[in-house]
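Asker: Let me give you the structure first, and then I'll get to my questions.
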């Protein structure tokens, strides 16, 4: 097993376990930390792909910024109430079975394929730095989606402002 | 151009004027608009026909291309041939008379303008149905008359039975429409067009082996539509209930015109049916069975309108029989004569009911002959006509059908003859119960006003001479060639004798020895009760179809799909109550999780589907 | 890698409707801040003008069809049709809402801005030629809809509806995105045309392409409320304000169908043997669940929600037929569906009044005697929903089933027709109640029909009739556009 492969599985496991922890743990702070772990795993995968810029953004923005904000919110909100609630509905077994079945379905279909993935696409070697390449793609080929995402964010902002606005009651 | 479009447009304008402004109009204005518009279209029919005479060819007016999709072109076209002409005259002629009558009959009813607006709208759709040059346009009229029928049946909406009857009619008709729509689709597939002339032209050229299978299917599906509209077994159940509507409606829609649309449609599609012998047989069998069954029910009913309602079902069965044995023109002939005498019977019954202050039970009538002599006279003529007494109108058309039936299979003729006897019996039973003997009710019967009995008189004349004067089969021979059925004097005599025997029997039972009916009823109580309860068909439908659908949709699909199997697991019972109090509980009870589980299962199913249909590769 | 990308004027022109809408949306929000406590109805008119301008731009763009922005956008007849449709839905929604919002004392520019942005998203979905664009379009449309569903924050029904819609919607969109990721991994592209080319070579493993198609179908089926992903619709439509239910049941649905047709007819054309049977079953299940569950509903919004599920089923039938005729049927059906559904919800909006106290079917008792105008409107719309001839609904169904039969889906057509016979029953109940019952408490003090609402009712009703009498009006265009630019 080459180093790359080892790290791929390691980071993947980190991401998956973090995800599971987010769902399964009872304490909200623990959940947030588990989510961070998961995001970290994903960041590691970016790094393996040679996407240093994305790796940095993931760490700085998600883990550094957003998750810390999450933690603040969690600490400000009274969580005693939440921890007393039943964590899972009674449909958990069914959901579990269905989810496992879905996984099984995906795997069974995978196993039927002669080739798992098409022959690996040879990556064009990057000219210039990683950041520059990302920027180039983002502002030429994907300019339109990039701009449109700003509308998406605008809508989300309007929505959160409205939701947080003063109630008339 | 002869501006055929004006024919249906007049009543439409009448509908719009009365419907939108009628509330503010006086009755005189409403009458003028409603009756005037129908009379105008009657006059326009006459004008168009005189200009088009002798009408040996089909005359088509194309207005615009209605829908064009791929190779399929459907035009907004009207067409007139001799068949259409007969129907047009019946619809506008009888329609005018009934409109006049209704101004008298409805004079003291609420919702006066609404009634006439609906009635005019009905005329519009009925004329569209008759004039249509393709199946889609015919279907438009078909649905439209169904809608108006529904609105008019439920006219006395304060009576629950009336609005229920309206619903029943609409829903039962939807079953028929379903067959009709399928037939249209099959016609498109088989012939690539829905235009009458083109379809029939193609149908008459194709080779028998290739297409006869699909033509049979088409005809059977068309038949399903016709069964719904013309109240044949097994979809006849709505028509007797439809008598909840005002009497002019029963006369116009549920006796003279709309219910014969099914017969018209089959006659119109004669070219197709002639190439589908199996479908023809089915038409004949259904017609015969309906004729017998409805006649037996009619024998024992006490509500005067119910008797005539079952009589209508039975006579429609005759028309189907005529079409089914290949005598389409005889069927149409019976449509015409039936329109005369059955409209007369209903309007006369209306006049009787009017005179008895709304009473419909014949057991509370009697002895009305002297009190309402005109009504008695016209009803008597109508009864003679339907009983097939020569030389009244019913005699000719019924004979033509029975002759054709004999040519097809003698047993059909004999069943038809027996039914004719029963017909004569129950009609005269109603006459004797109503007009003879002593008056058994409490009201003070009085003769109807002239606006009511003048139309009756006109119809009476038509019932008298309508069969002799209008030889419809001969007139229709360019469109619908008459097959078989050579006139046989002895057979005709037997049929006439059966009618006379029925009258005689009725006279014995209800005039001379009034104890017989009661004795028979108690001697054969089970049979009597079964007939009186109409073979329990309504109850049967209720138990076998209506209830299961209602319960199934509530128990399985609503509660199942909506409240969910999972919800039940979570809460022990469904809680979709939107009461605010239940809201939090609902959200915490894991409803969302339930939904999410559903989505998850759905994903599994979808992926499974893809796997099954493609994963093997 | 020089940054030599410079969009041409023609490309901006093809993208003009979305640009106009975004600008007007932002403008409305600024005006909202500037107008303070004054009446905000005028902002509604500004939004209407914006939508009208965008519609003009969309029509004009169709004169010069083609791709734009690195093939991310495609302007063809199909895209134009759906752009105009969703823009029209936006206009009608505003007409239906203005008075309602004023009465609820919740009239604000935010509302109109959100409608505009949501329409931007739907318009993008209509003309997107690229999976990422599709995703962004769906998200813009959806997030705006989530907020609109909970717009009246003091109404708990609104809150519940918004939360459910948001959680369920996000859940389903995740699957869509998962599918996009798969397909990108398999084909190395997110462009619909390129995916089609790669898949038609047949080198990509079919099973895995199947999974990606299945995952994307899940996301789209959720948006059109096709079974088994319809569970959210009744709750959300019932809980939201009536004008918003009108909007949600029309615009996002039509746009999602546009995406569904374009993605499956273009990219997944070569694996149609896999998805056609699934669509077959889904369309049948959708029709059955919608129609039969509607039979038992007493709440008219919930009934209309189930009926809209059923209508989605009919459209699915047309999609299943996988043909040019089917595409035209999808387009025609959705156009007539949007008209009649918004019209029906417009009547419900009027009837429900402030606080939505009157949303039971029985609240329409005796309406015929009290308010003939609205009764006539609702009668036409209901008849169209039933599919009675001379209405748009009839031709919609006619085309759908014709398409199915042309594609030899005989049984689906038959079962669909049976379904539409069942549907007559619950629609009919509304007519019965209106015509054949005595006026009750709800019909005693009826509010006047506000001018804007009246316009919306008239436009939808006349449109429905026009489509029924002259289906050629849009059928011709739909047929021409039914071969998608691939």
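A short reminder: the numbers here are calculations on the coordinates, not readings from a lab. Since the structure is predicted, the reported quantities are computational estimates derived from the model, not experimental observations. Glycine gets a Cβ as well: all are built from the backbone with ideal geometry, and neighbour counts include every protein chain shown.
Asker: At 7 Å along the Cα-to-beta-carbon direction for both residue B:26 and residue B:525, put a label point, then send me their distance in nm to one decimal.
Answerer: So the label points at residue B:26 and residue B:525 sit 6.1 nm apart.
Asker: To continue, here is another question. Compute the distance from the alpha-carbon center of the stretch B:97-133 to that of the stretch C:181-234, in whole Å.
Answerer: Comparing the Cα centres of the stretch B:97-133 and the stretch C:181-234, I get a distance of 57 Å.
Asker: While we're looking at this one, here's another question. Compute the Cα gyration tensor for the stretch A:1-82, then decide on rounded, prolate or oblate, letting a ≥ b ≥ c be the square roots of its eigenvalues: rounded whenever a/c is under 1.5, prolate when a/b is larger than b/c in the other cases, and oblate in all that remain. Intermediate values should be presented prior to the final figure.
Answerer: Numbers: a/c = 5.47, a/b = 1.78, b/c = 3.08.
Note, shape of the stretch A:1-82 comes out oblate.
Asker: Could you list B:174, C:38, C:353 so that the one with the fewest beta carbons within 10 Å of its beta carbon is first and the one with the most is last?
Answerer: On the way: B:174 24, C:38 9, C:353 19.
So the residues, fewest neighbours to most, are C:38, C:353, B:174.
Asker: If I take R0 = 56 Å and measure r between the Cβ atoms of residue C:354 and residue C:197 in this structure, what FRET efficiency does the formula 1/(1 + (r/R0)^6) give, to the nearest 0.05?
Answerer: Numbers: r = 56 Å, r/R0 = 1.00.
According to the calculation, E is roughly 0.50.
Asker: Between residue B:547 and residue C:444, what FRET efficiency comes out of the Förster formula 1/(1 + (r/R0)^6) with R0 = 25 Å and r the beta carbon distance, rounded to 0.05?
Answerer: Efficiency at R0 = 25 Å is approximately 0.10.
Asker: Using 20 Å bins from zero, what percent of all Cα-Cα pairs in the protein assembly as shown falls into each bin?
Answerer: Histogram of Cα-Cα distances, whole percents per bin: 10, 36, 31, 16, 6, 1.
Asker: On to the next question. Tell me, how many Å apart are the Cα centres for the stretch B:176-194 and for the stretch C:420-486?
Answerer: 26 Å
Asker: Moving on to the next point. When the Cα centres of the stretch B:337-387 and the stretch A:1-66 are compared, how far apart do they sit, in Å?
Answerer: Cα centroid of the stretch B:337-387 versus Cα centroid of the stretch A:1-66: 92 Å apart.
Asker: Just grab the label-to-label distance for residue C:103 and residue B:461, each label 7 Å out from Cα along the Cβ direction, in nm (one decimal).
Answerer: So the label points at residue C:103 and residue B:461 sit 5.9 nm apart.
Asker: Classify chain C as rounded, prolate or oblate, taking a ≥ b ≥ c as the square roots of the eigenvalues of its Cα gyration tensor: rounded when a/c is under 1.5, otherwise prolate if a/b is larger than b/c and oblate if not.
Answerer: It comes out oblate by the Cα gyration axes.
Asker: Something else: Roughly what angle does helix B:277-298 make with the longest principal axis of chain B, taking Cα atoms, 0 to 90 degrees, to the nearest 10?
Answerer: Orientation of helix B:277-298: about 70 degrees from the principal axis.
Asker: Would you mind ranking C:452, B:594 by Cβ crowding within 10 Å, fewest neighbours first?
Answerer: Least to most surrounded, the residues fall as C:452, B:594.
Asker: A further question follows. How would C:338, A:31, B:323 line up from fewest to most surrounding beta-carbon atoms within 10 angstrom? Write down the numbers at each step before the final one.
Answerer: On the way: C:338 25, A:31 17, B:323 33.
By the 10 Å Cβ count, ascending: A:31, C:338, B:323.
Asker: If you don't mind, there's one more thing I want to ask. Could you check the spin-label model distance between residue A:16 and residue B:109? Points 7 Å from the Cα along Cα→Cβ, value in nm.
Answerer: So the two model labels end up 7.6 nm from each other.
Asker: Based solely on C-alpha atoms, express the radius of gyration and the Dmax of chain B in angstrom.
Answerer: According to the Cα coordinates of chain B, Rg and Dmax are 26.6, 90 Å.
Asker: Could you tell me how many degrees, from 0 to 90 and to the nearest 10, lie between the Cα long axis of helix B:489-507 and the main elongation axis, the longest principal axis, of the Cα atoms of chain B?
Answerer: Taking the Cα atoms of chain B, the angle to B:489-507 is about 90 degrees.
Asker: For residue C:26, put the label point 7 Å out on the Cα→Cβ axis and report which residues of the stretch C:109-132 keep their amide N under 19 Å from it.
Answerer: C:109-124
Asker: With axes computed from alpha carbons, what is the tilt in degrees of helix B:27-52 against the longest principal axis of chain B, rounded to the nearest 10 within 0 to 90?
Answerer: 80 degrees
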